[in-house]
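Notes follow once the structure below has been shown.
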């Protein structure tokens, strides 16, 4: 496994040609996955250095679960693997953007939906806020796929 170079200061980090991911105090970078064709944001997750390295080496998205403290291959259980078409980083290299091609049922969310961003926030008319669900059908039954039945 290759170690990533440490972050640099100023222009070298922001304009340089060396990939220097800037991991946070927990050793993570934010990872946003979007559909490589439509550009729709599919999910937000985190990667540690090992998950990022595995993603770059295999072309399949790997993430780090903060709750379980393990690396996971997206789609390992559901079959909805994310094939990485490209990986970009933001200006200070503390986030990555993956353009992916979804395999399987083309659902990125563990709930069976196409995207994890399936609810829109709106004013509820009573001084608060409510959520409106995306009307697209779920692609799979999450209870069956993840064995919750």
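Derivation of every value follows stated rules applied to the coordinates shown; laboratory data play no part. Keep in mind that this is a model prediction, so the values were computed, not measured. Backbone-built Cβ (ideal geometry, glycine too); neighbour counts: all protein chains shown.
Does the stretch 46-104 classify as rounded, prolate or oblate by the C-alpha gyration tensor (a ≥ b ≥ c root eigenvalues; a/c under 1.5 gives rounded; else a/b over b/c gives prolate, otherwise oblate)?
Oblate, since a/c reaches 1.5 and b/c is not below a/b.
When ranked by the protection proxy of mean other Cβ atoms within 10 Å per residue, highest first, what sequence do the peptides 40-48, 99-107 form?
Going by the mean number of other Cβ atoms within 10 Å, highest first, we get 40-48, 99-107.
Please report the spacing between the Cα centers of the stretch 101-128 and the stretch 70-86 in Å, no decimals.
Value for the Cα centre distance between the two parts: 18 Å.
Let me understand the stretch 80-137 better: what is its radius of gyration from the alpha carbons, and its Dmax, in angstrom?
15.7, 44
How high is the relative contact order of the stretch 11-145, in percent, counting Cα pairs under 8 Å that sit 6 or more residues apart?
Contact order relative to length: 22 percent.
Can you give the angle from 0 to 90° between the axis of helix 49-58 and the longest principal axis of the chain, with both taken from C-alpha atoms, to the nearest 10?
Tilt of helix 49-58: around 80 degrees.
Place a point 7 Å from the Cα of residue 134 along the Cα-to-Cβ direction; which residues of the stretch 37-64 have their backbone N under 13 Å from it?
38-44
Gain in length, residue 121 to residue 90, computed as 0.36 nm per residue apart minus the alpha-carbon separation, to one decimal in nm?
Length difference between fully extended and current span is 8.6 nm.
So if I average 1/r over every pair of distinct C-alpha atoms in the chain and take the inverse, what Kirkwood radius in Å does that give?
Taking every pair of different Cα atoms in the chain, averaging 1/r and inverting gives 16.7 Å.
Determine the percent antiparallel among the DSSP beta bridges restricted to the chain, to the nearest 5.
Among the beta bridges of the chain, antiparallel pairing accounts for roughly 80 percent.
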